[in-house]
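Novice: Below is one structure. I have some questions about it.
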Amino acid sequence: MPNFTLADDVFVRAAAQFPTPFYLYDAAGMQKTARALQEAFSWNPRFKEYFAVKALPNPHIGRLLVGAGCGLDCSSHCELMIAELLGVKGDNLMFSANAMPPQEFAFARRLQGIINLDDITDIDTLQQNGGIPDTICLRYNPGGDFGDGNAIMGSPRDSKFGMTRPQLSESLHRLKALGVKRFGLHAFLASNMLGEVYYPLLARLLFETGKELQAETGLELSFVNLSGGVGIPYRPTDAAPDIGLIGRRVETVYREAFGSDNSVAIKTELGRYVTGPHGWLVARARHEKRTHKHYIGLDACASNLLRPAMYGAYHHISVAGKRDAEHTHTYDITGALCENNDKFAIDRALPPIELGDLVIIHDAGAHAHTMGYQYNGRLRSAEVLYRPDGSFQLIRRAETPEDYFATLHGEGLPAL
Ligand SMILES: *Cc1c(COP(=O)(O)O)cnc(C)c1O
């Protein structure tokens, strides 16, 4: 079930203060979820969640989550800048990138973050850009299928991420010769997984592979990084994963692998699970059209929220003040882009919508604003934080036409 913790009145009050469309984020909800995650893994003394910055790369959100005990997982120069801005470094910082510019390794090393190597060729690059650390993480891709696969990630065999099993061995032997003492093992094999089986299955694979590699190389297995992938209930028929049960099941697998020894740390890099349900895109119905279908056009479009256009993702939609009204109408809810996939919903049953109604798109707290773009001259929207004291804080303004033109370069254009 999508998250309905905020009353419609909160969205109405926010919309009285900020022009639509904007993102609204619930600070208390995000912190509560981060704490529940830590509680679920509290049996593991060195457990740490590294919030995947790419899910919601706003430093105000980063600060909130760091305040709740999280580290940060970064994958690019700008994301590392967010970590630097917040003073997140050392063991509180994970750097997991692939095909990245070599200087990003040097930046991550300067912040003393944990390097998660995606490929065997990255060893040379790292050696020349920042140097080889004592402790390093390797990203594993076992190939084949894993779990039930899904639209976002596909199967491991088709995934561009990670190294093969023989490459893990070869990498660790080389890294040992270069001075590495300890290693971690990471894999991200499926995304947005509901239920409580994905992490335990993945954990078993990484524990067993980690033990093998430890025996093979004599290096110490320091941690296992379960990465992201725990899902959220986008659809009314979806159940939220029970994170407490996931934690207990991972513990069972851990005991099978390591007995009562607690020395191997568990790390996670959840993004969607932590912030996804606690963000909404708030828009207004601007246009109604009846042709072969019944359309409601919003003042938001795929430039604000790409997921439905990109992979047919479902986002629940509600209309402020009409939560409990009968869903008597069937609409396509669209944006204004000149692209026919610019639809937030297709054939969606909703209450009758009037122009000016606030239309709330749920579960937009992860991989949402951050995927925004400027196609068709439509600009990214503002982000607003709903604070525990009931007030609203603008944490990113909406883009303006000045932003749109700011990167133009070259002589000969008249001034705007
Ligand atoms: C995207 C990503 C995550 C977060 O994934 P979620 O599905 O949001 O949990 C974690 N780790 C890495 C390396 C990623 O690329």
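Readers should treat all values here as calculations from the given coordinates under stated rules, not as data from a laboratory. Remember, predicted model here, so these are calculated numbers, not experimental data. Methodologically, a virtual Cβ is constructed for each residue, glycine included, from the backbone with ideal geometry; neighbour enumeration extends over all protein chains shown.
Novice: So for segment 277-405, Kirkwood radius off the Cα pairs, Stokes-Einstein at 37 °C and 0.692 mPa s: how many µm² s⁻¹?
Specialist: It diffuses with D of about 216 µm²/s by this estimate.
Novice: Would you mind giving the average projected area, over all directions, of the Cα convex hull of the chain in nm² with one decimal?
Specialist: 22.4
Novice: Sticking with this one: Can you tell me the orientation of helix 243-258 relative to the chain, as the angle in degrees between its alpha-carbon axis and the longest Cα principal axis, to the nearest 10?
Specialist: Tilt of helix 243-258: around 10 degrees.
Novice: Going Cα to Cα from residue 48, which lysines come in below 30 Å? Please leave out same-chain ones fewer than 8 positions away.
Specialist: 32, 89, 160, 176, 181, 211, 267
Novice: Order by neighbour count: 324, 91, fewest other Cβ atoms within 10 Å first, most last.
Specialist: Listing 324, 91 from fewest to most nearby Cβ atoms yields 324, 91.
Novice: Moving on. Please report the relative contact order for the chain, taking Cα pairs under 8 Å with a sequence separation of at least 6, and give it as a percent rounded to a whole number.
Specialist: This gives 19 percent for the chain.
Novice: Among 104, 170, 49, which one shows the biggest mean-square fluctuation in a GNM of the chain, springs joining Cα atoms closer than 10 Å?
Specialist: Most flexible of the set in this elastic network: 170.
Novice: Then there is this: Taking H as built 1.01 Å from N, whose amide H comes closer than 5 Å to the amide H of residue 294, not counting residues under 5 places away?
Specialist: It is 332, by chain and number.
Novice: Set Lys and Arg Cβ to +1 and Asp and Glu Cβ to -1, take the dipole of segment 79-211 about its Cα centre, and tell me which of 185, 135, 116 lies farthest positive.
Specialist: My answer, from the dipole projection, is 135.
Novice: Gap in Å between the Cα centre of segment 20-84 and the Cα centre of segment 281-353?
Specialist: 29
Novice: Quick one: compute the contact order of segment 27-273, relative version, from alpha carbon pairs under 8 angstrom and 6+ residues apart, as a percent.
Specialist: That works out to 20 percent.
Novice: Can I ask one more? Which aspartates and glutamates have a Cα less than 13 Å from the Cα of residue 293, not counting those fewer than 8 places away in the same chain?
Specialist: Qualifying aspartates and glutamates at Cα under 13 Å: 332, 347.
Novice: Quick check: the angle from helix 165-177's long axis to the longest principal axis of the chain, C-alpha only, nearest 10 degrees?
Specialist: In the chain, helix 165-177 runs at an angle near 60 degrees to the longest axis.
Novice: Then there's this: State the dimensionless ratio Rg/Rh of segment 197-323 (Rg: radius of gyration of Cα atoms; Rh: Kirkwood radius).
Specialist: Ratio of gyration radius to Kirkwood radius for segment 197-323: 1.18.
Novice: Please state the relative contact order of segment 326-416 as a whole percent: Cα pairs under 8 Å, 6+ residues apart?
Specialist: 18
Novice: Additional query: Counting Lys and Arg as +1 and Asp and Glu as -1, each charge on the Cβ, what is the dipole of the chain about the Cα centre in debye, to the nearest 20?
Specialist: 300
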